[in-house]
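Student: The structure's right below; bear with me while I get my questions together.
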Amino acid sequence: MRVLTAGMRILLGAIFLFFGLNHLFNFLPSGPMPSGTAGQLLCAMTAAKYFYLVGLCEAVPGLLLLINRFVPLALLILATVIVNIDFVDITLAHMGIPMGALVTILWLYVAYRYRSAFSGVVKQRVET
């Protein structure tokens with residue numbers, strides 16, 4: 001189980017580091033702009049330089065996962081990114097669903113293996 005967890009953590013980290021750096025440095029050629037609402041959203045996010053923030057929120061946790069430091073923090077940051085990826089894929093850009101599903105499954109597995117680190121976050125508040 002340790003090897004499988006490490007492999008999935010490294011794969012998740014590599015995916016987010018690679019694509020996060022692509023948001024920052026744009027080394028992959030981008031295809032044509034999608035039409036409709038998806039294109040409008042993409043244009044607005046590009047014009048506002050929003051993808052620089054997204055790139056940082058992907059690359060930094062990806063690096064943390066790769067070097068096996070602050071893994072629970074990296075998972076928390078990536079959870080918000082993955083939720084947004086999944087929502088956009090489901091509602092606007094259906095062709096991204098397989099990649100969104102892959103990173104969601106990887107995240108769920110790694111987060112489950114690190115679940116003890118999240119016990120304080122999901123604990124009910126006890127009044128004293």
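No lab work stands behind these numbers, since they all come straight from the coordinates. Here the structure is a predicted model, which is why all the values come from computation and not from measurement. Neighbour counts run over all protein chains shown; Cβ positions are idealised from the backbone, glycine included.
Student: Out of the residues in segment 79-128 that are over 11 Å from the mean Cα position of the chain (by Cα) and of a type in the set (Ser, Thr, Tyr), which is farthest from Leu41 (Cα to Cα)?
Tutor: So, considering only residues that are over 11 Å from the mean Cα position of the chain (by Cα) and of a type in the set (Ser, Thr, Tyr), the one farthest from Leu41 (Cα to Cα) is Thr128.
Student: Another question, if that's okay. So in segment 65-100, with the set limited to residues that are small (Gly, Ala, Ser) and under 24 Å from Pro32 (Cβ atoms), which one is surrounded by the fewest Cβ atoms within 10 Å (Cβ to Cβ)? Don't jump to the end; show me each part of the working.
Tutor: First, the residues of segment 65-100 that are small (Gly, Ala, Ser): 74, 79, 93, 96, 100.
Then keep just the ones that are under 24 Å from Pro32 (Cβ atoms); that gives 93, 96, 100.
Details: Ala93: 18, Gly96: 15, Gly100: 19.
Result: Gly96.
Student: Scan Ile67, Ile97 and give me the residue that is of a type in the set (Val, Ile, Thr), out of contact with any helix residue (DSSP H, G or I) (no Cβ under 6 Å at 6 or more places or on another chain) and within 28 Å of Phe118 (Cα to Cα). Even if it seems obvious, please write down each step before you answer.
Tutor: On the way: Ile97 fails: out of contact with any helix residue (DSSP H, G or I) (no Cβ under 6 Å at 6 or more places or on another chain).
Of the residues listed, the single one that is of a type in the set (Val, Ile, Thr), out of contact with any helix residue (DSSP H, G or I) (no Cβ under 6 Å at 6 or more places or on another chain) and within 28 Å of Phe118 (Cα to Cα) is Ile67.
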